1. Carbon and sulfur: what percent of the range 14-104's accessible surface (1.4 Å probe)?
2. Can you pull a Stokes-Einstein diffusion coefficient for the chain at 37 °C (0.692 mPa s), Rh from Kirkwood over Cα pairs, as a whole number of µm²/s?
3. Rounded to the nearest 20 Debye, what is the dipole magnitude of the chain about its Cα centre when Lys and Arg each give +1 and Asp and Glu each give -1 at the C-beta?
4. What dipole magnitude, in Debye to the nearest 20, does the range 27-75 give about its Cα centre under +1 on Lys/Arg Cβ and -1 on Asp/Glu Cβ?
5. Using R₀ = 22 Å, calculate the FRET efficiency as 1/(1 + (r/R₀)^6) where r is the Cβ-Cβ separation of SER25 and ARG45; round to 0.05.
6. In nm, what is the difference between 0.36 nm times the number of residues separating ASN103 and ALA74 and their Cα-Cα distance?
7. Quick one: Kirkwood hydrodynamic radius for the range 9-63, alpha-carbon pairs, angstrom, one decimal?
8. Relative contact order of the range 31-115: what whole-number percent is it, with Cα pairs under 8 angstrom and at least 6 residues apart?
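The values are calculated or read from the model by the stated rules, or taken from the named source; none is laboratory data. All values derive from a computational prediction rather than experimental measurement. All Cβ positions, glycine included, derive from the backbone under ideal geometry; neighbour counts span all protein chains shown. What goes into the accessible areas is simple: the full protein's heavy atoms, side chains included, and nothing from ligands, DNA or RNA. Shrake-Rupley method; radii C 1.70, N 1.55, O 1.52, S 1.80 Å.
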Amino acid sequence: QVQLVESGGGLVQAGGSLKLSCRLSGDVAGIGSMRWHRQVPGQQREWVAIIARDGTILYADPVNGRFTISRDHAENTMYLQMNNLKPEDTAVYYCNVVVDRENYWGQGAQVTVSS
């Protein structure tokens, strides 16, 4: 079992930055891939960024070059640094980890970008 607690969402103007945090607890040693997703009401949840178990990092095209995913092993925390935010980035952001093929999710953090 893994627990994920998110923080760091908020309201920001277009062009601004926010950093989301996702604190992990429980069976963190068993974590495989780590991901951030986002969801707009009425739309499907989409992945944003991933750190694979081997350390490979990938970004979805809409955020590539603006967002950075990272993990602090000592703090058992994963982050999503979001720069040059756009109104279309407005969504609820979820952190997600996979442990033994089980998906665990954070509670979600609202990010709102005003134009």
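1. Heavy-atom surface of the range 14-104 belonging to carbon and sulfur, 1.4 Å probe: 45 percent.
2. Numbers: Rh = 14.1 Å.
It comes out at roughly 233 µm²/s.
3. Computed charge dipole of the chain: roughly 160 debye.
4. Result for the range 27-75 is approximately 160 debye, rounded to the nearest 20.
5. It comes out at approximately 0.45.
6. Taking 0.36 nm per residue and subtracting the Cα distance, the gain is 8.2 nm.
7. Result for the range 9-63 stands at 13.5 Å.
8. Taking the mean separation of contacting Cα pairs over the length of the range 31-115, I get 29 percent.
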